[in-house]
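**Student:** Just passing along the structure, written as structure tokens.
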Amino acid sequence: MTSKVLLLSGPNLDLLGEREPAIYGTANLDDHVSTAREVAQRHGLVLEHLQSNHEGVLIEAIHAAREDVAAIVINAGALTHTSVALHDALAAFDGPVIEVHLSNPAAREPFRHTSFIAPVANGVVAGFGGLGYELAIEAVARLLEEDA
Ligand code: CA2
């Protein structure tokens, strides 16, 4: 059976490409999803994507992923720095979890220095812009191969 990878995008990532290009680049979210999907396909993986500005929608997607998703890649946006609920939902997911950020939150305002996702992630890719999505999918493919 083909392995599914769920890419989750949190609040405001639907605005990418419209503002703050110095921090987040000029590509929009669809561009990043297309890139991630191409890399996934190269590894025989099927990528599903969901963007939501609502924490509960993301949590329910993580719950549903417990049924048939092999790995999760998540850019939780600002919820990264606030959401115990996302932390708990991801902790209940058995497969690999990769946290991804376009910018490097550790090099930004202090309120971005804490991640509630990182403690339940296999790894974090941050600060490489759109390349981060490619690297995150490569990491997922490697982790799934190791597990097979
Ligand atoms: O660097 C990242 O990928 C972030 O997850 C992006 C979040 C930010 O809150 C995190 O600290 C780091 C912001 C999402 C995008 O927000 C925009 C706001 C205005 C215009 C365009 C994007």
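The values are calculated or read from the model by the stated rules, or taken from the named source; none is laboratory data. Since the structure is predicted, the reported quantities are computational estimates derived from the model, not experimental observations. For neighbour counting, all protein chains shown are included, and Cβ atoms are generated from backbone atoms with ideal geometry for every residue, glycine included. Ligands, DNA and RNA are stripped out before the accessible areas are found, and what is left, the full protein with its side chains, is counted by its heavy atoms. Shrake-Rupley method; radii C 1.70, N 1.55, O 1.52, S 1.80 Å.
**Student:** Could you check the range 45-59 and list, in sequence order, the residues that are within 14 Å of the chain's Cα centre (by Cα) and either open to solvent by less than 40 Å² (accessible area, probe 1.4 Å) or basic (K, R) (or both)?
**Tutor:** The answer is L47, S52, L58, I59.
**Student:** Among the numbered conditions (1) within 10 Å of the ligand (Cβ to nearest atom); (2) at pLDDT below 95, tell me where D147 comes up short.
**Tutor:** (1)
**Student:** Please enumerate the residues belonging to the range 1-39 that are open to solvent by less than 80 Å² (accessible area, probe 1.4 Å) and among the aliphatic types (A, V, I, L, M).
**Tutor:** Result: V5, L6, L7, L8, L13, L16, I23, A27, L29, V33, A36, V39.
**Student:** Another question, then. Hey, does the range 110-122 have a residue that's loosely packed, with under 15 Cβ neighbours inside 10 Å and within 8 Å of the ligand (Cβ to nearest atom)?
**Tutor:** There is no residue in the range 110-122 that is loosely packed, with under 15 Cβ neighbours inside 10 Å and within 8 Å of the ligand (Cβ to nearest atom).
**Student:** Tell me whether the range 130-139 contains one or more residues that are in a helix (DSSP H, G or I) and farther than 17 Å from E38 by Cβ.
**Tutor:** no
**Student:** Now, a different point. Pick from V39, V120: which is modelled with pLDDT of 95 or more and within 23 Å of G25 (Cα to Cα)?
**Tutor:** Checking each option against the conditions leaves just V39.
**Student:** Is there any pair linking a residue in the range 1-21 that is among the hydroxyl-bearing types (S, T, Y) to one that is not in a helix (DSSP H, G or I), with Cβ under 6 Å and at least six apart or on different chains, and which?
**Tutor:** From residues that are among the hydroxyl-bearing types (S, T, Y), the pairs are T2/V46; S3/L45; S3/A70; S9/Q51; S9/N75.
**Student:** Further, regarding this structure: Given the conditions (1) within 16 Å of the ligand (Cβ to nearest atom); (2) surrounded by fewer than 16 Cβ atoms within 10 Å (Cβ to Cβ); (3) not small (G, A, S), report the number of the one that R42 does not fulfil.
**Tutor:** Exception for R42: condition (1).
**Student:** Against the definition (out of contact with any helix residue (DSSP H, G or I) (no Cβ under 8 Å at 6 or more places or on another chain) and either more than 14 Å from the ligand (Cβ to nearest atom) or open to solvent by less than 30 Å² (accessible area, probe 1.4 Å) (or both)), how does V73 come out, yes or no?
**Tutor:** Here the answer is no, as V73 does not meet what is asked.
**Student:** If you don't mind, another one. Could you grab me the full set of residues in the range 76-90 that are open to solvent by 10 Å² or more (accessible area, probe 1.4 Å), within 15 Å of the ligand (Cβ to nearest atom) and small (G, A, S)?
**Tutor:** G77, A78 - these are the residues of the range 76-90 that are open to solvent by 10 Å² or more (accessible area, probe 1.4 Å), within 15 Å of the ligand (Cβ to nearest atom) and small (G, A, S).
**Student:** Among the residues of the range 13-21, are any within 14 Å of the ligand (Cβ to nearest atom) and of a type in the set (K, R)?
**Tutor:** Yes, that holds for at least one residue.
**Student:** Exactly one condition in (1) within 16 Å of the ligand (Cβ to nearest atom); (2) more than 13 Å from the chain's Cα centre (by Cα); (3) among the hydrophobic types (A, V, I, L, M, F, W, C) is false for I98; which is it?
**Tutor:** Looking at each condition in turn, I98 falls short on (2).
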